[in-house]
Amino acid sequence: MSEQSSISPEPTAFVFTDDNLKKAQALIDRYPSGRQAGATMPLLDLAQRQAGWVSRAAMDYIAGLLDVPPMRVYEVATFYTMYLLRPVGQHHVQVCTNLPCWLRGSDDVLRACQEVLGISPGETTSDHRFTVAEVECAGACVNAPMVQIGDDYFEDLDHASMKALLEALQRGERPKPGSRTGRQCSCPAGGPTTLKAVPVKGEV
Amino acid sequence: MPKLTIDGVEIEVEAGTTVLQACERLGIEIPRFCYHDRLSIAGNCRMCLVEVSPGPPKAQASCALPVADGMTVKTDSPMVRKARRGVMELLLINHPLDCPICDQGGECDLQDQAMAYGGDKSRYREEKRAVADKYLGPLIKTCMTRCIQCTRCVRFMTEVAGVPELGAVFRGEHMEITTYIGQALDSELSGNLVDLCPVGALTSRPYAFMARPWELHKTESIDVLDALGCAIRVDSRGGQVLRVLPRLHEEVNEEWISDKTRHACDGLRVGRLDTPYVRRGGTLRPASWAEAFAAVAEKLKTVKPEKIAVIAGDLADCEAMMALKDLTDDLKVVHRDCRQDGAFLDPNVPAAYRFNTTIAGIEMADALLLVGTNPRREAAVLNARIRKRWVTGALKVAAIGEKVNLTYPVAWLGTGPQTLKAIAEGRHPFGSVLKGAQRPMLILGQGALARSDGAAILGLSRVLAETSGMVREDWNGFNVLHTAAARVGGLMLGFVPGEGGRDGRAILDGAGKGEIGFVYLLNADEIDTGALGKAFVVYQGHHGDAGAKRADVILPGAAYTEKNALYVNTEGRVQSTQRAVFPPGEAREDWKIVRALSETLGRPLPYDSLEGVRARLVAVDPAFAAIAQGPAVAAWGIFGDPAVAIDAAPFAASITNFYGTDPISRASKTMAECVAEMNGRREHGGTGTYG
């Protein structure tokens, strides 16, 4: 059950790059002195963006920067699922399989991952380019089913469009995020259904 | 002050009191797991639910709810009963039904409260969760599947022990209590987690599967393994001490004890001297009491009184020291000392060797200077009290001595006496901090006094105390922290050199040179026994430790769990141990051995009962009459000599191995495991917030 045993390979040291150290300092400076612990979460995010995941060395390093016991950082990092405690591939494909996405065909999306990448949720391709993960609701139900890859949401997917998306990533392209059906944001799928006419003066 | 009504009874309490505390004041029991009155409020177990109006129409957690004027609280309404039964059902969902094989059984909060507030059967048919056990060191056995995540252990380590190594990682159903890095807890107070854990997740590893609580004979006693005299309960069965637990004593140990106090008790079962021994042909051979006494008496006939010396060690009780002092006085022996470490302590002024502020008094101090002491090792529970005061933000701590992690931040001013001299002479900025404080205090450790310039250190400390307003009518901030339970008692009853007598150091020196031909060691093991030269050595004590190895005659005595004996703690608090079990074999209570020896020598002491010895103690110092009444204020006086030249050498630690300070802990297997654990760990470097 304990996930700590699976944290490997564990780097022995972590330091921010000069750029990131400047950013980190700016983040720390947002908090009054004595309350630097408030910067724990943004610093963990910064570390994850730098290394791709959050190692124990990174947590210890952040604890040192903030002058808090390392345990306090471990607690935060393990509490939030979006901090990755294990290395992931270059593209972290997070497939939502929560109820609305599942009703709208997330099984097909997962199947597409399996067909294109040959891996199941929780696995990473041997070339370390893709990791597939099942996640709980990512808050885009109105465009279900969806996946999150890196920071981007790809929505209104089906089996074919998911396949196309992954193949584009395999070719090294950067597909445009958002709806695969072309609708803008969360507009009604088949065009507007209400407010089609300009209201007549006097009618409310 | 807000007035509220609890179960129809009106009560007025101070603002800021919680509903749970108000209920307790009325004697109403509120079930709880996470709430503990010495820890911060977490409010995460939800067991303490009560019905409160006005307020939302649902039960509220009373531990985290401050009282308000006009509140009406119901603690036993149908809504409350249903809510608590529901909480209990949720807690039990993942709690294994392994009470028959759980060491907490019989003293388990969950077990008791499930009986009182739970349902009669489970509706849960799904799989329970399982959690991997964690390694928290040789003292704590974990069974994390039983954990109900009350987080008392996390809060204790962070707040009281000051070693924030425990935490709750992951969340929801996956939440686990762990150190994350799988190392033993680097704390001298970790054993208290076992008492705090309301379930069987954290239990005592050395005591695992030893006994059930209802089989144990419980004796309320005091601890003698450091100089605090913590209140303990000794649990025994069949003549063996199986475990030691803390008792509540607000003025000394609150409800904590150190790991040594708690876990050294397995040392009481091994390495014991259970029969007298006499060295014949170079080998110690078992003998009868009569033979042993005869050997001592025969030797004494051939040695002149000026060549006889007696040393009392760290575990000697007051009765035995009194009897031995009277016997030596009768024999015209003047070489006598209870300061086996050679510490310069002035026996003439009680305030000069006491912790005058008192342990509870630390909670009023606002500036503290530690001189040559590491309270974390020397008195772990007292260190927690300093930390408790520091946490409030009102205490500034500075120290002179070896730099160590004391679990709170300390300004390290220097390492040796020259810094103390500079402060005492007003040449150091910290002097003004002390002068500006309302209640400044100073703690002088044995590391500063057990030196050749001890008189100067003591004198400089006195001058510093006097000049920085530490000694007043209403406050005495001058403190000596002892490491030995016997020391203050020995000084009080005058177990010190007589007219022209040698002190501890000079006795060893004389023995080495052949000027001392006979040495009587009463529980004295922490001396350099190799320096005793050709002297005839009589050892009276309970363990086959250093003193016994060197002895020519061994007189087996009783350990602190085997006698009713007085000890005086570092504050000057006179307390009595209680006999929990009998001494093994032929071993006897210590004062009785001295009494019997006096009979053999033809100089019987004028008392032959415990009451008699205690009456004699009271005659010497009336303070001995005040058993368990707390220390009286000690008179101030002139002591030490600030004019003596100081030695620039840094103060050395008086305790290098916390887990092996005395014959009992050195005999303990558990303590040996702790030493091995900590040695392995220290190689990895310091830990903790301020390490």
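Summary table
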item: Residue check for A:ASP108: in contact with a helix residue (DSSP H, G or I) (Cβ under 9 Å, 6 or more places away or on another chain), among the acidic types (Asp, Glu) and more than 14 Å from chain B (Cβ to nearest Cβ); result: yes
item: Qualifying residues in segment B:173-212 (those that are assigned to a loop (DSSP other than H, G, I, E, B) and acidic (Asp, Glu)) - the one nearest to the other protein chains (Cβ to nearest Cβ); result: B:ASP186
item: Residues being open to solvent by 10 Å² or more (accessible area, probe 1.4 Å) and touching a residue at least 24 places away in the same chain (Cβ under 8 Å) - total across segment B:448-467; result: 7
item: Unique match (being more than 29 Å from B:GLU188 (Cα to Cα), open to solvent by less than 70 Å² (accessible area, probe 1.4 Å) and away from chain A (no Cβ under 14 Å)) among B:GLY105, B:GLY70; result: B:GLY70
item: Any chance B:TYR135 is touching a strand residue (DSSP E or B) at 6+ places or on another chain (Cβ under 9 Å) and among the aromatic types (Phe, Trp, Tyr); result: yes
item: 2 or more residues open to solvent by less than 40 Å² (accessible area, probe 1.4 Å) and more than 14 Å from chain B (Cβ to nearest Cβ): qualifying helices (runs of 4 or more DSSP H) within segment A:1-100; result: A:18-29, A:40-51
item: Subset tally (residues that are open to solvent by 50 Å² or more (accessible area, probe 1.4 Å) and in contact with a Ser or Thr (Cβ under 7 Å, 6 or more places away or on another chain)) for segment B:635-653; result: 2
item: Some residue of segment B:155-172 being assigned to a helix (DSSP H, G or I), surrounded by fewer than 16 Cβ atoms within 10 Å (Cβ to Cβ) and within 14 Å of chain A (Cβ to nearest Cβ); result: yes
item: Conditions (1) among the aliphatic types (A, V, I, L, M); (2) open to solvent by 10 Å² or more (accessible area, probe 1.4 Å); (3) in contact with a helix residue (DSSP H, G or I) (Cβ under 6 Å, 6 or more places away or on another chain); (4) away from every other protein chain (no Cβ under 14 Å); number of the one not met by B:VAL131; result: (4)
item: Strands (runs of 3 or more DSSP E) contained entirely in segment B:2-88, each with at least 3 residues that are in contact (Cβ under 8 Å) with a residue 12 or more places away in the chain and farther than 30 Å from B:LEU193 by Cβ; result: B:3-6, B:49-53, B:71-74
item: Residue match in segment B:109-124 (condition: buried (at least 19 other Cβ atoms within 10 Å of the Cβ), away from chain A (no Cβ under 14 Å) and under 23 Å from B:SER187 (Cα atoms)); result: no
item: Residue match in segment B:495-510 (condition: over 22 Å from B:ILE222 (Cα atoms) and of a type in the set (Lys, Arg)); result: yes
item: Yes/no for B:GLU51 being among the acidic types (Asp, Glu), over 34 Å from the mean Cα position of the chain (by Cα) and surrounded by fewer than 23 Cβ atoms within 10 Å (Cβ to Cβ); result: yes
item: Matching entry among B:ASN348, B:ASN374, B:ASN356, B:ASN383 (being touching a Phe, Trp or Tyr at 6+ places or on another chain (Cβ under 6 Å) and polar (S, T, N, Q)); result: B:ASN356
item: B:ALA628 being in a loop (DSSP other than H, G, I, E, B), more than 30 Å from B:LEU420 (Cβ to Cβ) and at pLDDT below 95; result: yes
item: Selection count, segment B:579-617, where residues are touching a residue at least 12 places away in the same chain (Cβ under 8 Å) and open to solvent by less than 70 Å² (accessible area, probe 1.4 Å); result: 23
item: Test result for B:LEU91, without any contact (Cβ under 8 Å) to a residue 60 or more places away in the chain, more than 15 Å from B:PRO31 (Cβ to Cβ) and either in a strand (DSSP E or B) or within 42 Å of the chain's Cα centre (by Cα) (or both); result: no
item: Residue check, A:CYS101 at pLDDT 95 or above, within 18 Å of the chain's Cα centre (by Cα) and outside the structural domain of A:ALA51 (by TED's automatic domain parsing); result: yes
item: Single residue of B:ALA294, B:ALA316 found to be open to solvent by less than 10 Å² (accessible area, probe 1.4 Å) and in contact with a helix residue (DSSP H, G or I) (Cβ under 8 Å, 6 or more places away or on another chain); result: B:ALA316
item: Selected residue (criterion: farthest from the other protein chains (Cβ to nearest Cβ)) from residues of segment B:214-224 that are of a type outside the set (Val, Ile, Thr) and open to solvent by 10 Å² or more (accessible area, probe 1.4 Å); result: B:HIS217
item: Residue within segment B:479-501 that is open to solvent by less than 30 Å² (accessible area, probe 1.4 Å) and over 28 Å from the mean Cα position of the chain (by Cα) present; result: yes
item: Which numbered condition B:THR483 fails, given (1) more than 21 Å from B:THR570 (Cβ to Cβ); (2) of a type in the set (Ser, Thr, Tyr); (3) modelled with pLDDT of 95 or more; result: (1)
item: Residues of segment B:218-275 satisfying the condition of being at positive phi and in contact (Cβ under 8 Å) with a residue 40 or more places away in the chain; result: B:GLY229, B:GLY239, B:GLU254, B:GLY271
item: Checking B:ILE311 against (1) within 17 Å of B:VAL553 (Cβ to Cβ); (2) modelled with pLDDT under 95, the condition it does not meet; result: (2)
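The values are calculated or read from the model by the stated rules, or taken from the named source; none is laboratory data. These numbers come from a predicted model, not from an experiment. Here the Cβ is made from the backbone with ideal geometry for all residues, glycine too, and neighbour counts use every protein chain on show. For the accessible areas, the whole protein counts, side chains as well, though only heavy atoms, and no ligand, DNA or RNA atoms are used. Shrake-Rupley method; radii C 1.70, N 1.55, O 1.52, S 1.80 Å.
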